[in-house]
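Participant: To start, I am sharing the structure in question, which I have written as structure tokens.
The values are calculated or read from the model by the stated rules, or taken from the named source; none is laboratory data. The model shown is predicted, which means the values in this text are computed figures rather than measured ones. Virtual Cβ from ideal backbone geometry, glycine too; neighbours counted across all protein chains shown. To get the accessible areas, we keep the full protein, side chains included, count just its heavy atoms, and leave off ligands, DNA and RNA. Shrake-Rupley method; radii C 1.70, N 1.55, O 1.52, S 1.80 Å.
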Amino acid sequence: MKFIILTLFPEMVMAGLTESILGRAMEKGIIDIKAVNIRDYTKDKHKKVDDYPYGGGAGMVMQAQPIFDAYNDVIKDLKGTTRVVYLTPWGHTFDQKMAVEYASADNVILLCGHYEGVDERVLEEIVTDFVSIGDFVLTGGELPAMVMVDAISRMVPGVLTNEESGETESFHNYLLEYPQYSRPEEWNGRKVPEILLSGHHKNIEKWRLEESIERTKKFRPDLYEKYIQSERK
Ligand code: ADE
């Protein structure tokens, strides 16, 4: 699977995505992540990529030409299905279900905006999906793009090892993760719950499910409702 990030800050994006699990997956050739500098495509002699908004108002708008040319250059080499995502606070809110869905595409292109936005005409021309990572405003689309690449990548077969597998964790079956403990058995006067030391796998499983349910009820009543409804079916 291939990720191409169209950005004014390629180093920032690559620095955050080439360590740890994603770095390992790139080395193995399971995923490919490339950041393309939009500025390399400007035809402006001062390398400018933005200009004042028509109609007035604060800030600058990223111009269509460099983005469109960068896009056309990167799609030349792509095979298979391609989603083109524009990261914006007014997009559809990203969630685990979308991460799974995107993981089945061959290519995902992520367009990172800056300043007050991007000329609408280039969005109309190239973008297939408008995505937000939550109801807050960031200074640019780079962090949201990194969030998406991380969440999508770990759903690509082979990226996680068996032990790291996403099966038993938060949002699977609408439940949040149960509490985890490691050595030592007692730390700072706090003991590991007795049941986890029992070796009784059935009881441990039952305890973990109960803890997951309690946690979901407390922290995410909205998810808990979905869990109850899914259990009724
Ligand atoms: N750009 C700025 N804020 C954003 C957000 N919350 N999600 C996606 N892109 C953004």
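Participant: Checking the structure you have, find out if any residue of segment 83-91 is closer than 17 Å to Pro10 by Cα, among the small types (Gly, Ala, Ser) and open to solvent by less than 30 Å² (accessible area, probe 1.4 Å).
Facilitator: no
Participant: Applying the selection to segment 124-136, what residues are touching a residue at least 24 places away in the same chain (Cβ under 8 Å) and away from the ligand (no atom under 13 Å from the Cβ)? So that I can check it myself, show each step before the final result.
Facilitator: So the first thing to find is which residues in segment 124-136 are touching a residue at least 24 places away in the same chain (Cβ under 8 Å), and the list is 125-136.
Answer for segment 124-136, where residues must be touching a residue at least 24 places away in the same chain (Cβ under 8 Å) and away from the ligand (no atom under 13 Å from the Cβ): Glu125, Ile126, Thr128.
Participant: Report, by residue number, each residue of segment 53-72 that is away from the ligand (no atom under 16 Å from the Cβ) and surrounded by 13 or more Cβ atoms within 10 Å (Cβ to Cβ).
Facilitator: At the first step, the residues of segment 53-72 found to be away from the ligand (no atom under 16 Å from the Cβ) are 53-57, 63-66, 68-72.
Once the filter is applied, which keeps residues that are away from the ligand (no atom under 16 Å from the Cβ) and surrounded by 13 or more Cβ atoms within 10 Å (Cβ to Cβ), segment 53-72 yields Pro53, Gln63, Ala64, Gln65, Pro66, Phe68, Asp69, Ala70, Tyr71.
Participant: Further, regarding this structure: Residue by residue through segment 159-185, note down the ones that are under 16 Å from Ser20 (Cα atoms) and either of a type in the set (Phe, Trp, Tyr) or modelled with pLDDT of 85 or more (or both).
Facilitator: Within segment 159-185, Val159, Leu160, Thr161 meet the criteria.
Participant: Give me the residue from segment 107-123 that is more than 15 Å from the ligand (Cβ to nearest atom) and of a type outside the set (A, V, I, L, M) and, out of that set, nearest to Val13 (Cα to Cα).
Facilitator: Asn107
Participant: Of all residues in segment 141-165 being open to solvent by less than 10 Å² (accessible area, probe 1.4 Å) and away from the ligand (no atom under 16 Å from the Cβ), which is farthest from Glu101 (Cα to Cα)?
Facilitator: Val159
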